[in-house]
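S.K.: Let me give you the structure first, and then I'll get to my questions.
Every read-out reported here was derived from the displayed coordinates using simple, explicitly stated rules and does not represent laboratory data. None of the values given here were measured: they were computed from a predicted structure. Neighbour counts run over all protein chains shown; Cβ positions are idealised from the backbone, glycine included.
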Amino acid sequence: MHEIGIMSSAMDSVLAQARANSASRVHRIVLRIGTLSGVDPDALRFAFDVVAQGTPAEGASLEIETVQARARCPDCDLEFGVASGFIFTCPKCERLCSELRQGRELELARIEIS
Amino acid sequence: MPPETDAEESPSFQIRPMSPPPAAQDPKGSLRSLELKASLLDKNDRLAERNRRYFRSRGLLALNLVSSPGAGKTTLLERTLDEFGLQVRCAVLVGDLETDNDARRLHRPHAPVAQITTGEACHLEADMVARGVEAIDLAGVKVLFIENVGNLVCPASFDLGEEVRVVLLSCTEGEDKPLKYPPIFKSAHVVLLTKVDAAAVLGFDVEVASRNIQRIAPQARLIRLSARSGEGMSEWYELIRSLGPKAI
Ligand SMILES: Nc1nc2c(ncn2[C@@H]2O[C@H](COP(=O)(O)OP(=O)(O)OP(=O)(O)O)[C@@H](O)[C@H]2O)c(=O)[nH]1
Ligand SMILES: [Mg+2]
Ligand SMILES: [Zn+2]
């Protein structure tokens with residue numbers, strides 16, 4: 001489970017930002033996580049509770065926005081999302097596509113501080 | 001950390017409802033929102049990019065080998081060093097949770113090898129690779145193999161600065177594994193279907209597995225091989241040559 005490591009480095013940047021803005025509390029943290037990032041949102045939440053303990057971010061709400069994978073067809077240029085599963089077949093020409101447009105995101109989107 | 005298993009077991013942690021956002025309770029109303037849009041893996045990504053520049057500047061082809069535990073990474077590398085490695089100078093970095101067994105298996109007079117003991121981490125990260133590379137003599141080396149920790153999940157997120165990501169799936173695993181672990185297969189440049197010598201006796205359907213790999217990872221070059229029988233090994237060496245700098 002690499003989520004602890006990822007979350008603790010995310011927490012480092014959150015706390016650095018809070019300090020740089022002379023805030024004493026972090027109220028909300030918003031992450032954007034792609035469905036193909038290889039990171040499990042539930043494990044991130046668990047990791048957050050662990051690494052936030054005793055910091056100004058303890059008790060902050062953690063929001064995780066899921067970014068659905070989207071692919072682009074090299075033949076017809078169509079960009080499309082897939083509701084479920086990870087086999088990307090172009091809906092127009094039925095070609096199997098590998099070029100990802102989104103879905104790998106692992107992003108600290110924004111924080112709310114005071 | 002325990003190695004990744006096949007079982008689709010429920011996670012060992014509890015999911016707790018989130019406490020209500022304390023924002024509403026903020027009396028001073030001094031709440032500020034900061035847009036950050038920063039990658040959570042920013043540090044690793046930057047170090048990986050540095051590794052990549054370093055490898056390229058040396059004309060070194062770096063390959064990151066990823067698989068479930070026991071899919072045959074070390075065995076493949078042993079044979080590769082004994083055959084291909086006699087013509088082209090190779091080096092190996094091998095990541096392992098605790099032991100240096102793999103490094104000892106790979107040790108050859110003609111190929112520098114270094115062990116990276118990850119301890120807690122169930123995957124290699126770019127800074128470990130940078131330090132590992134410092135520990136070996138790269139003089140004349142054209143190909144650097146990096147054997148990742150046996151794990152199909154965590155290594156998917158961590159760029160090491162490799163040129164080529166190689167994912168191994170062995171015939172002792174399920175044919176549907178590519179469908180269960182899409183991130184790592186999506187990020188593969190090469191997929192090796194290993195231990196094909198054992199497929200028949202295990203009732204492993206090589207065709208079904210190949211089809212699943214091609215559907216989930218149409219970008220990847222697929223090679224079926226066996227480090228035991230030697231089947232497919234020359235195709236693997238050809239591939240390395242074709243990916244490497246011209247001097248190989
Ligand atoms: N039949 C057969 N067995 C193989 C082959 N390659 C490896 N094995 C066996 O598979 C087992 C695991 O092989 P390793 O090479 O140690 O696998 P690994 O991926 O390096 O394992 P970890 O480093 O622990 O993740 C060993 O018992 C090997 O003998 C093969 O081509 N055919
Ligand atoms: Mg090994
Ligand atoms: Zn199309």
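S.K.: Report relative contact order for the stretch B:82-176 in percent, whole number only (criteria: Cα-Cα under 8 Å, sequence separation at least 6).
M.R.: It rounds to 33 percent for the stretch B:82-176.
S.K.: Trypsin sites (Lys or Arg not before Pro) within the stretch B:140-248: which are DSSP loop residues with at most 11 other Cβ atoms inside 10 Å?
M.R.: The qualifying sites are B:K246.
S.K.: Hey, could you pull the Cα Rg and Dmax for chain A, both in Å?
M.R.: 17.5, 55
S.K.: Also, quick follow-up: Count the lysine pairs in chain B that are 8 or more places apart or on different chains: how many have C-alpha atoms under 30 angstrom apart?
M.R.: 21
S.K.: Residue-wise, which Karplus ³J(HN,Hα) couplings in Hz belong to the stretch B:39-55, taking 6.51 cos²θ - 1.76 cosθ + 1.60, θ = phi - 60°, and x for glycine or proline?
M.R.: For the stretch B:39-55, the Karplus-derived couplings read 5, 5, 10, 3, 5, 4, 4, 5, 5, 5, 4, 5, 4, 4, 4, 4, 4 Hz, x marking Gly and Pro.
S.K.: Could you run the Karplus curve 6.51 cos²θ - 1.76 cosθ + 1.60 with θ = phi - 60° over the stretch B:101-112 and give me ³J(HN,Hα) per residue in whole Hz, x for Gly and Pro?
M.R.: Per residue, the Karplus-derived 3J(HN,Hα) values read 4, 5, 4, 5, 5, 8, 4, 9, x, 9, 9, x Hz.
S.K.: Here's another thing I want to ask about it. Using DSSP, restrict attention to beta bridges with both residues in the stretch B:59-184 and report what percent are antiparallel, rounded to the nearest 5.
M.R.: 5 percent
S.K.: Going by amide H atoms built from the backbone, whose H comes under 5 Å of the H on A:I64, apart from near neighbours?
M.R.: Placed amide hydrogens put A:L31 under 5 Å from A:I64.
S.K.: Can you tell me how much longer the chain between B:L222 and B:D137 gets when fully stretched, taken as 0.36 nm per residue apart minus their C-alpha distance, in nm with one decimal?
M.R.: So the chain would gain 27.4 nm between B:L222 and B:D137.
S.K.: Considering all projection directions equally, how large on average is the shadow of the alpha-carbon convex hull of the stretch B:54-111, in square nanometres?
M.R.: Mean orientational projected area (the stretch B:54-111, Cα hull): 4.6 nm².
S.K.: So for the pair B:R89, B:A198, with labels modelled 7 Å out along Cα→Cβ, what separation do we get in nm?
M.R.: About 3.5 nm separates the two model spin labels.
S.K.: Take the alpha carbon atoms of the stretch B:151-209, find their center, do the same for the stretch B:99-145, and report the distance between the two centers in whole angstrom.
M.R.: 22 Å
S.K.: Ignoring everything except DSSP H segments at least 4 long, calculate the 222 nm mean residue ellipticity for the protein assembly as shown; use -39,500 (n - 2.57) per segment, divide by total residues, nearest 500.
M.R.: Counting only the DSSP helices, I get -8500 deg cm²/dmol.
S.K.: Please compute, for peptide A:57-65, the average count of beta-carbon atoms on other protein chains lying within 10 Å of each residue's beta-carbon.
M.R.: That average works out to 2.
S.K.: Then there's this: Applying 1/(1 + (r/R0)^6) with R0 = 56 Å to the Cβ-Cβ distance of B:E207 and A:S24, what FRET efficiency is obtained, to the nearest 0.05?
M.R.: 0.35
S.K.: Here is a follow-up. What is the average number of partner chain Cβ atoms found within 10 Å of a Cβ in A:26-33?
M.R.: That works out to 3 on average.
S.K.: Which whole number gives the average count of other chain Cβ atoms within 10 Å of the Cβ atoms across peptide B:35-47?
M.R.: 6
S.K.: For the stretch A:55-114 and the stretch B:27-93, what is the separation of their C-alpha centers, rounded to whole Å?
M.R.: Cα centroid to Cα centroid, the span is 22 Å.
S.K.: Further, regarding this structure: What GluC sites (Glu not before Pro) does the stretch B:128-232 have in DSSP loop regions with at most 16 other beta carbons within 10 Å?
M.R.: In loop regions of the stretch B:128-232 (DSSP not H, G, I, E or B), the sparsely surrounded GluC sites (Glu not before Pro) are B:E231.
S.K.: Taking N as the number of residues in the stretch B:42-243, what is its alpha-carbon radius of gyration divided by 2.2 N^0.38 Å?
M.R.: 0.96
S.K.: Further, regarding this structure: Taking every pair of Cα atoms in the protein assembly as shown, average 1/r, invert it to obtain the Kirkwood radius, and report Rg/Rh to two decimals.
M.R.: Rg/Rh for the protein assembly as shown comes to 1.00.
S.K.: Going by amide H atoms built from the backbone, whose H comes under 5 Å of the H on B:A71, apart from near neighbours?
M.R.: Counting only residues 5 or more places away or on other chains, the set is empty.
S.K.: Give me a comma-separated list of calculated 3J(HN,Hα) values for the stretch B:145-155, in order, Karplus coefficients 6.51, -1.76, 1.60 applied at θ = phi - 60°, integers in Hz, x for any Gly or Pro.
M.R.: 8, 10, 7, 6, 5, x, 4, 9, 9, 4, x
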